[in-house]
1. Sort out which residues of region 211-242 are surrounded by fewer than 17 Cβ atoms within 10 Å (Cβ to Cβ) and touching a helix residue (DSSP H, G or I) at 6+ places or on another chain (Cβ under 8 Å), and write them in order of number.
2. With the structure loaded, tell me whether residue 108 is surrounded by 12 or more Cβ atoms within 10 Å (Cβ to Cβ) and at pLDDT 95 or above or whether it fails that test.
3. Checking the structure you have, find out if any residue of region 80-102 is farther than 23 Å from residue 127 by Cα and out of contact with any strand residue (DSSP E or B) (no Cβ under 7 Å at 6 or more places or on another chain).
4. So, in region 139-166, of the ones that are in contact (Cβ under 8 Å) with a residue 40 or more places away in the chain and outside any strand (DSSP E or B), which residue ends up surrounded by the fewest Cβ atoms within 10 Å (Cβ to Cβ)?
5. Scanning for something farther than 17 Å from residue 72 by Cα, surrounded by fewer than 12 Cβ atoms within 10 Å (Cβ to Cβ), in contact with a strand residue (DSSP E or B) (Cβ under 8 Å, 6 or more places away or on another chain) and modelled with pLDDT of 95 or more, does region 178-197 turn up at least one residue?
6. Given the conditions (1) modelled with pLDDT of 90 or more; (2) outside any helix (DSSP H, G or I), which single one is not true for residue 1?
């Protein structure tokens, strides 16, 4: 194969890859869920809530909905089917082009919920024939939202359990012993080692800021190693708006 053939083949592959990326981006943005976080109450009028899924594409999309449990274990999210805990209506639907489908979710698990329970609300595209032949690459989309069964008077309680250097990163282990999840937005982390005090916030907490610590969970985050940090026994405390 001569150089011209190699260049032509390389250009073809690059063009194909670019078209694939553009198609993938369009497909990913075709479905939108709003809101991405839904809260229901275990009893009373708040056991039912609604969310909306919008099809922004020019083709109809078949979607099915499901709920899964959500646990943070060893820094991994574990999910298991939880459809018996909820009723979703409609459970399956076809959303026309440029249209929005309202979906209702209702808690069926009873009122005895001592602390917040976390779930994942999932909308999955279903690959079915909708009467028109479609050619080309087809991407099946999945939207994943947050769903909480939240009793009244819940409150987070996030504390620093451990601070440890890991290479050029600082591992910060947080424990939420409270009864409600906590997004670590606008947090301030203070580290102390004897008379040494380091205060971190904003960009200093990239890798931690904005992340979620579920009720009753422990999670480890890695942030940039702070300036002035030396090896030793450090203790940490964290403040955040509730």
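1. Passing the criteria: 224, 226.
2. Taking the combined requirement at face value, the residue does not satisfy it.
3. Taking every residue of region 80-102 in turn, at least one turns out to be farther than 23 Å from residue 127 by Cα and out of contact with any strand residue (DSSP E or B) (no Cβ under 7 Å at 6 or more places or on another chain).
4. 152
5. Looking through region 178-197, at least one residue is farther than 17 Å from residue 72 by Cα, surrounded by fewer than 12 Cβ atoms within 10 Å (Cβ to Cβ), in contact with a strand residue (DSSP E or B) (Cβ under 8 Å, 6 or more places away or on another chain) and modelled with pLDDT of 95 or more.
6. (1)
The values are calculated or read from the model by the stated rules, or taken from the named source; none is laboratory data. Remember, predicted model here, so these are calculated numbers, not experimental data. Reconstructed Cβ throughout: ideal geometry from the backbone, glycine too, with neighbour counts over all protein chains shown.
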